[in-house]
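Everything on this sheet refers to the single structure shown next.
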Amino acid sequence: MPRITAVSLRDRKSNGDKIAVLTAYDFPTAKLMDAAGVDAILVGDSCGMVVMGMPDTTGVTMDMMLHHVKIVSRAVKHALVIADMPFLSYQVSPEEALRNAGRFVSEAGAQAVKLEGPAEKFGPAIKAILDAGIPVMGHIGLTPQSVHQIGGYKVQGRDPDSKARLREEALGLARAGCFALVLECIPAALAAEITESISIPTIGIGAGPHCDGQVLVMHDMLGLGKYTKFAKVYGDAGALMSKAFADYVSEVKSGAFPTPEHSFE
Ligand code: KIV
């Protein structure tokens with residue numbers, strides 16, 4: 001099977017083939033996702049919250065992300081690996097943005113990067129990264145790195161001003177050369193309108209069914225995260241793991257484990 005590239009994903013827009021994206025942060029899950037046919041694996045800065053227990057993503061650093069991107073890249077042979085640029089890795093200057101995006105590719109094996117926010121603010125950073133040959137995915141709507149400015153994890157684009165702003169931002173990021181655009185937590189009708197209006201695929205999370213693709217945080221879809229309306233739980237890994245841990249404790253205490261089967265003569 002040929003490797004999926006940012007170009008082949010962008011070109012899916014024209015043939016209507018939906019794009020399935022998941023987040024991953026470790027080797028075994030990334031390997032399973034790749035084998036299951038996931039198109040792109042995003043090593044999201046959500047790892048700060050779902051893996052490291054942080055209250056939000058603003059404490060995630062380049063070193064943390066490089067560690068997780070390296071692990072995931074080692075496991076993936078088919079899907080596109082996208083590294084999420086953490087808070088302050090691209091906001092300070094285009095030079096720093098390029099240096100950090102470059103590290104994800106040269107040191108950690110990613111094939112693309114994602115950053116949050118409009119081209120109006122980060123156009124120069126996006127251009128610098130693209131000029132170095134690194135594909136960029138955009139991300140608008142609920143942008144978790146701006147949680148303190150937004151005032152919480154709320155649906156965006158409900159009032160006319162914010163709708164108009166998001167329409168403009170989507171067009172701006174497509175024009176800036178992004179290969180795809182994440183739309184997070186916006187009304188389904190607005191996501192449909194944006195999807196119709198831009199030339200690159202939209203990847204929705206809490207943005208309804210009309211996007212060109214979907215992304216979910218792995219822990220949410222496996223029942224390991226907090227309840228979110230938009231995240232369907234496809235398997236209750238939390239229940240499976242809790243039962244396995246409790247069974248182990250009880251068998252160690254009762255002496256039922258290990259048996260001769262798990263012992264050496
Ligand atoms: O960090 C992340 O996992 C993300 C997705 C929610 C799109 O940005």
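Descriptive notes on the structure:
- Any chance Asp131 is away from the ligand (no atom under 14 Å from the Cβ) and either in contact with a Pro (Cβ under 7 Å, 6 or more places away or on another chain) or at pLDDT 95 or above (or both): yes
- Of all residues in segment 115-138 being among the small types (Gly, Ala, Ser) and in a loop (DSSP other than H, G, I, E, B), the one that is nearest to Thr57 (Cα to Cα): Gly117
- Subset tally (residues that are in contact (Cβ under 8 Å) with a residue 60 or more places away in the chain, crowded, with 16+ Cβ neighbours inside 10 Å and touching a strand residue (DSSP E or B) at 6+ places or on another chain (Cβ under 7 Å)) for segment 1-32: 12
- On the stretch given as segment 123-174, residues that are aliphatic (A, V, I, L, M) and within 25 Å of Glu193 (Cβ to Cβ) total 13.
- Top-ranked residue in segment 111-125 [being more than 16 Å from the ligand (Cβ to nearest atom) and either under 19 Å from the mean Cα position of the chain (by Cα) or of a type in the set (Gly, Ala, Ser) (or both); ranked as surrounded by the fewest Cβ atoms within 10 Å (Cβ to Cβ)]: Gly123
- Within this structure, Arg103 fails the test of being over 19 Å from the mean Cα position of the chain (by Cα) and modelled with pLDDT of 95 or more.
- For segment 79-106, the candidate set comprises residues that are under 23 Å from Ile203 (Cα atoms) and among the β-branched types (Val, Ile, Thr); within that set, the residue that is farthest from the ligand (Cβ to nearest atom) is Val105.
The values are calculated or read from the model by the stated rules, or taken from the named source; none is laboratory data. No experiment lies behind these values; they were computed from the predicted model shown. Please note: Cβ atoms are built from the backbone with ideal geometry, for glycine as well, and neighbour counts cover all protein chains shown.
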